[in-house]
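Just so you know, all these numbers are worked out from the coordinates, no wet-lab data involved. Quantities reported herein were computed from a predicted structural model and do not represent experimental measurements. Ideal geometry is used to build each Cβ from the backbone, glycine not excepted, and the neighbour counts take in all protein chains shown.
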Amino acid sequence: MNFVSSPEQTMDEATRTAIAIREAMTDQMVERVAATGSNAFELLDRLNDERTNNAVHHLIDRLTELHQVGALDTICELILALHGTRAALTDSMVERLFSFAETIVNTVGNDDVCGLVDTACNAMIESASETRNKPAPGGLFATISMLSKPETQRSLQFLMTFADKLSRPKGC
């Protein structure tokens, strides 16, 4: 049993294989192979462009970096989650989401709301800075004295009313 073939035997086998492939292929198969080869050469030709070549190398470097830090899996999972969400959404749901987003933008963009938020933030900042270094009078009588002031009573009344209004369920 001779496992080493002579060059003549190898050429004969290659020739017979090429002839068998040529005879087995239909015209459609030949056209597909020619089109695929043409596309492959066109792609290789595009890689000769310096900008395209640099872009492909940069993409491969970044892809390798993403893989090394484990972010590639996260990106793939995020894409799958987005695709699943998109597939699950109906037209009605999308319409309601956009309506909700429009309501939020209109509410936040309202001058009255912006003014209220600005006033509340400034009041909190000023109150914090005023009371930060002010010593608190200790004891029960100091607390009773503070509670007897009208502005303290109004503040407590405001906070209680605000808490009550905030806890009431509102319909959307």
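For a Förster distance of 22 Å, can you work out the FRET efficiency between the beta-carbons of M25 and L47, rounded to the nearest 0.05?
0.15
Of A163, F100, H67, which is farthest along the charge dipole of the stretch 26-172 in the positive direction, counting Lys and Arg as +1 and Asp and Glu as -1 at C-beta?
Selected residue: A163.
Hey, could you grab the Kirkwood Rh for the chain? Inverse mean 1/r over distinct alpha carbon pairs, Å, one decimal.
27.2 Å
How long is the gain from A87 to T64 if the chain were fully straight, where each residue apart is worth 0.36 nm and the alpha carbon distance is subtracted?
5.3 nm
Give me the distance in nm between label points sitting 7 Å out from Cα along the Cα-to-Cβ direction at M124 and E102, one decimal.
3.1 nm
Rounded to the nearest 500, what is the chain's calculated 222 nm mean residue ellipticity when only DSSP H runs of at least 4 contribute -39500 (n - 2.57) each, over all residues?
Per the formula, -28000 deg cm²/dmol.
What's the center-to-center distance, using Cα atoms, between the stretch 1-69 and the stretch 115-172 in Å?
The stretch 1-69 and the stretch 115-172 have Cα centres separated by 77 Å.
Calculated FRET efficiency, I144 and S167, Cβ-Cβ r, R0 41 Å, to nearest 0.05?
0.90
Figure the gain on full extension for T17 and E77 (residue separation times 0.36 nm, minus the Cα-Cα span) and round it to one decimal in nm.
Residue separation times 0.36 nm, minus the Cα-Cα distance, leaves 17.0 nm.
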